[in-house]
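The structure under discussion appears below in the form of structure tokens.
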Amino acid sequence: MFLYTKNFEEQKAKAMEGLRKALAQNKVDHDIIPLLERINALGNYFTTSSCSGRISVMEMPHFGDKLNSVWLGKWHREVSFEEVLEAIGKHSSGQLWFLVRSPILHVASRTMNDAVKLLNLAIGLGFKYSNIKSVSHKKLLVEIRSTERMDVPLGENGKLWVDERYIRRIVNLANAQVRRFKGKLKRLEKEIGELWD
């Protein structure tokens with residue numbers, strides 16, 4: 001199937017203006033900027049949103065209530081045990097969670113062939129949860145996602161359920177996941193350059 005998105009150039013120009021504003025306001029993860037630049041330099045693609053992956057400590061009224069949740073600590077890099085303990089120390093009510101989220105990028109493609117080409121590359125580099133998120137004459141959107149993830153409950157209403165030894169272990173596991181998915185992002189950046197240059 002060959003599908004061509006209408007007004008692609010207009011959509012890209014608008015997205016690039018939004019990205020320029022986000023960069024000026026320091027709202028873009030620094031380590032993903034070279035990959036965004038490489039994708040956006042290609043004629044048949046542009047990025048609409050991105051996150052380079054993160055470790056976080058979050059307080060939730062109950063699990064899944066993102067709207068009323070509060071970040072106690074959030075890092076788009078490896079994190080120290082002491083940083084995590086400091087974030088945990090801010091907990092007072094609701095559920096306390098330690099979370100890892102893999103990178104996610106949304107990339108608009110000019111044609112279905114372009115979308116499939118990017119999707120196949122991403123999956124081949126280990127972004128196994130990647131998919132074509134939206135298919136219409138208005139937008140073809142590829143979602144690039146990896147598999148790394150942790151959802152660890154740590155306590156509730158100011159009380160910890162685990163000891164510091166356990167927290168140290170999950171921090172080490174989280175940092176290993178960060179190293180893994182940051183490596184995938186670097187390989188994606190390199191491969192896009194080699195395939196489309």
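Identify, by number, the condition in (1) out of contact with any Asp or Glu (no Cβ under 9 Å at 6 or more places or on another chain); (2) buried (at least 17 other Cβ atoms within 10 Å of the Cβ); (3) among the small types (Gly, Ala, Ser) that Gly158 doesn't meet.
The single condition Gly158 does not satisfy is (2).
Checking the structure you have, find out if any residue of the range 59-69 is surrounded by 20 or more Cβ atoms within 10 Å (Cβ to Cβ), assigned to a loop (DSSP other than H, G, I, E, B) and touching a Leu at 6+ places or on another chain (Cβ under 6 Å).
no
Where in the range 85-197 are the strands (runs of 3 or more DSSP E), entirely inside, with at least 1 residues that are closer than 21 Å to Arg38 by Cβ and of a type outside the set (Asp, Glu)?
104-109, 131-135, 140-145
Which one of Glu86, Glu82, Glu78, Glu10 is out of contact with any Ser or Thr (no Cβ under 7 Å at 6 or more places or on another chain), closer than 29 Å to Ser136 by Cα and acidic (Asp, Glu)?
Only one candidate passes the filter, namely Glu10.
Restricting attention to the range 32-58, which residues are without any contact (Cβ under 8 Å) to a residue 60 or more places away in the chain, more than 15 Å from the chain's Cα centre (by Cα) and surrounded by fewer than 18 Cβ atoms within 10 Å (Cβ to Cβ)?
Glu37, Asn40, Ala41
Each reported figure results from applying straightforward, stated rules to the coordinates on display, with no laboratory input. Just so you know, these numbers come straight off a predicted model, no measurement behind them. Positions of Cβ are backbone-derived with ideal geometry, glycine not excepted, and every protein chain shown enters the neighbour counts.
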